1. I need two numbers for segment 26-81: Rg to one decimal and Dmax as a whole number, Cα atoms only, in Å.
2. Provide the FRET efficiency to the nearest 0.05 for the Ala27-Tyr124 pair, computing r from the beta carbons and using R0 = 30 Å.
3. Take the Cβ-Cβ distance between Arg14 and Glu115 as r, set R0 to 22 Å, and report the resulting FRET efficiency rounded to the nearest 0.05.
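Values quoted throughout were computed directly from the atomic coordinates according to the rules given, and no laboratory measurement underlies them. Note that the structure is predicted; figures quoted are calculated from it, not measured. When we count neighbours, we look across all protein chains shown, and the Cβ atoms used for this are built from the backbone with ideal geometry, even at glycine.
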Amino acid sequence: MRAVNTVKITFPSRSVNEGFARSALAAFASQLDPTLDKLADVKTAVSEAVTNSIVHGYADTIGPVTLTASLYEDDTLRVVIADKGCGIPDVAKAMEPLFTTGGTERAGLGFAVMESFMDSVKVYSKPGKGTRVTMTKRLKQR
């Protein structure tokens with residue numbers, strides 16, 4: 001199925017940009033007039049994905065994070081958060097609840113949160129090359 005509208009935004013991996021990404025995505029998705037609950041779900045998942053890129057992908061460095069969002073004819077939203085950070089050596093392990101590389105400061109629930117709020121979450125990562133998280137959610141029921 002072809003996208004009917006797409007937006008792509010790239011920003012530096014600074015924590016202040018997490019709120020920007022969440023708000024920009026919400027503004028874009030609003031054209032489908034989703035419920036406030038569905039919009040909140042998407043905003044939360046995007047917040048988690050962007051935060052993971054900032055905290056884990058780049059750690060103590062700054063690099064590009066790209067948010068690409070597409071709307072489809074069936075009222076589905078697809079969001080891709082991509083970075084060129086350190087990558088994830090074991091994606092399956094990283095997606096387990098409570099697993100974290102962030103020490104005691106992190107809960108290790110980022111991927112679990114994304115999965116609970118979105119219809120699907122797929123993660124592709126290559127160590128040294130970066131990570132891409134693709135999430136979809138049907139914003140309206142037909």
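1. Here Rg and the maximum Cα pair distance are 13.0, 40 Å.
2. So the FRET efficiency works out to roughly 0.65.
3. It comes out at approximately 0.25.
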